[in-house]
Amino acid sequence: METVLAFAIGGLYALGLYLMMRRSIVKLIIGLAILANAANLLIFTSAGLTRGRTPMIGAQETVVRGPVADPLPQALVLTAIVIGFAVLAFTAVLLKRAYQTVGA
């Protein structure tokens, strides 16, 4: 499964970079969004695809037993999604303003 995701992530990176190099503002914004999603998938996949329970410690337990999912990559991806949306919105407003000012 990791091999399939590696090729998919590579394809998303290539598509994002291709769209960012076009002259259209809309294609640049879409390419930036695709590139951000590819980076999120890369972080998520690099942590390993495990099927474990949530890393919660019960009231009677002192340590977590058995295979558990790592919460750190999930938190990083969630933070990256929020930051990516903010950067995307800022880029859209900045490019619209630059287009209005320059007119090209």
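Checked against (1) of a type in the set (A, V, I, L, M); (2) more than 21 Å from Leu94 (Cα to Cα); (3) surrounded by 14 or more Cβ atoms within 10 Å (Cβ to Cβ), Leu32 passes all but a single condition, namely (2). Within the range 53-77, the only residue that satisfies the criterion of being free of Cβ contacts under 8 Å to residues at least 24 places away in the same chain, in a helix (DSSP H, G or I) and surrounded by 11 or more Cβ atoms within 10 Å (Cβ to Cβ) is Pro71.
Which residues, counting only those in the range 33-52, are in a loop (DSSP other than H, G, I, E, B) and under 22 Å from Phe7 (Cα atoms)? Of everything in the range 33-52, those that are in a loop (DSSP other than H, G, I, E, B) and under 22 Å from Phe7 (Cα atoms) turn out to be Ala47, Gly48, Leu49, Thr50, Arg51. Just to be sure, is Leu49 farther than 23 Å from Arg97 by Cα, within 15 Å of the chain's Cα centre (by Cα) and not polar (S, T, N, Q)? When the stated conditions are applied, Leu49 does not pass them.
Right, Thr50: β-branched (Val, Ile, Thr) and in contact (Cβ under 8 Å) with a residue 12 or more places away in the chain or not? So Thr50 passes the test.
Values in this text are rule-based calculations from the coordinates and carry no lab data. Only a predicted model underlies this, so the values are computations on that prediction, with no experimental measurement involved. Every residue, glycine among them, receives a Cβ derived from its backbone with ideal geometry; neighbour counts consider all protein chains shown.
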